[in-house]
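Heads up, the thing below is written out as structure tokens.
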Amino acid sequence: MRSVKRLSVLCVMAGVGVALGPVEAAAPVKQVVTGPVARYWVDTATTSGMSLGGGKPSMSSIMGMMGGGDNVHHSLYLRLGSSQAASGAAAADHLPPAGLGSGNLPLRYTPGTPVKRDYAPGETTDHETPKGKILIFWGCGAHAPAGQPLVIDLAKIADPAQRQTMALSMFKPIALDAVHPPSPTTTKTYGEWPNSQSAKDIKGSLAGAHTVKGNYSPQIDFTLSQAQDFMDPIDVTGNATDATGATRLTWTAIPGAKGIVATAMGGGQQNGETVMVMWTSAQVQTGWMGMAPDYLTPNDIDRLLGNKALLPGETTTCTVPAEVGQNVQGAIYGITAYGGEANFSYPPRPADPKTPWNIAWETKVRYKTSTGGMLGQDMAGMMGSNQGDDSMPAGDKKKKKKGFGLGDMLKAGAGIP
């Protein structure tokens, strides 16, 4: 009888255990994804003024400012990469909407020869060891806060490799997402525009239907809306230096801007020593060259807005601290607004995860707009200041002390000493 009771209790306990035990959920179905067979990147840029968008003043933009006019330029960089081999000589074409006014854009690639480096550790060089100081400022405001500027004294660093390491550590370049655009080294077949066979000015609009077809990739079809056209040029409405030396930059609202960075760089002589000044609108210490020259992913923009390395897209003003101008004889400012990107793929992703998604192609369109000029003055004023005083007697002109003019400033501003 006791054995029967004990067995009954065990059965009841086992039943309770089964009722209260965890129920294992079925594992979610993981959709099979293949491809894309082809990847197509479209980089768009709008530049105006003396643009610093490529890290150096554009000579064409400088000459455009000297000649007058609105000096607004649009540019495209097209890259098509495919995992398929071409049937014959590789050939593809981008057929843009008629509103672009460019006609078909041939995507071609001719392998080039490697470019020799200017310098690498261990190589001999006849260049004079750079000397002087680099002063680094950051943040918008009438005056630089305590602790600025950071100073790099090149004269105290003899070894070029150590000098480069120190400069990079003090600039603190922005950590950006790794992006892998199509390239001739990562794809079986590759084409780009502009190229050695075709290059032309872009005057019109991107809005409308686009087709890319060739003999090494599936046909690509996508449509850009008016909101996905080139970004508007940045219209600078204020660039005046006040009595303290601070310069208040203002501009009209930039449609589509997700984040903005303003920069300034200039050079001069102090006590016989070369001085280079670099400033960025970021509220954190950073090297402006780690941001301004390139595009930013949406994730980059969100992160940099969060740590205040970027100004919000709706920003329309930023004051360059007085100390920036006080340390140079001339400076170039730049403003870059990032518009994020538009992404397309074909075919659409199946809603049923049990159905494989075999991607034929993906297209990414990236956006930015930039402008620049002489900090605290317009080009006409700067050019006038370099013409000399015609009222001065001829015999006295040669006695006039040589200043740090436009040419000197551009040479100093074109790169780090």
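The values are calculated or read from the model by the stated rules, or taken from the named source; none is laboratory data. Quantities reported herein were computed from a predicted structural model and do not represent experimental measurements. Positions of Cβ are backbone-derived with ideal geometry, glycine not excepted, and every protein chain shown enters the neighbour counts. SASA here: full protein model, heavy atoms, side chains in, ligands and nucleic acids out. Shrake-Rupley method; radii C 1.70, N 1.55, O 1.52, S 1.80 Å.
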Ordering 78-84, 216-222 by per-residue average of other C-beta atoms within 10 angstrom, highest first, gives 78-84, 216-222
Carbon plus sulfur, as percent of the 1.4 Å-probe accessible area of region 195-340, comes to 48
Length gained, residue 110-residue 284, 0.36 nm per residue minus C-alpha separation, equals 58.4 nm
Taking a crude spin-label model, label points 7 Å out from Cα along the C-beta direction, the residue 269 to residue 354 distance in nm is 8.1
Once Lys and Arg are counted +1 and Asp and Glu -1 for all other residues with Cβ under 12 Å from that of residue 359, the total becomes +1
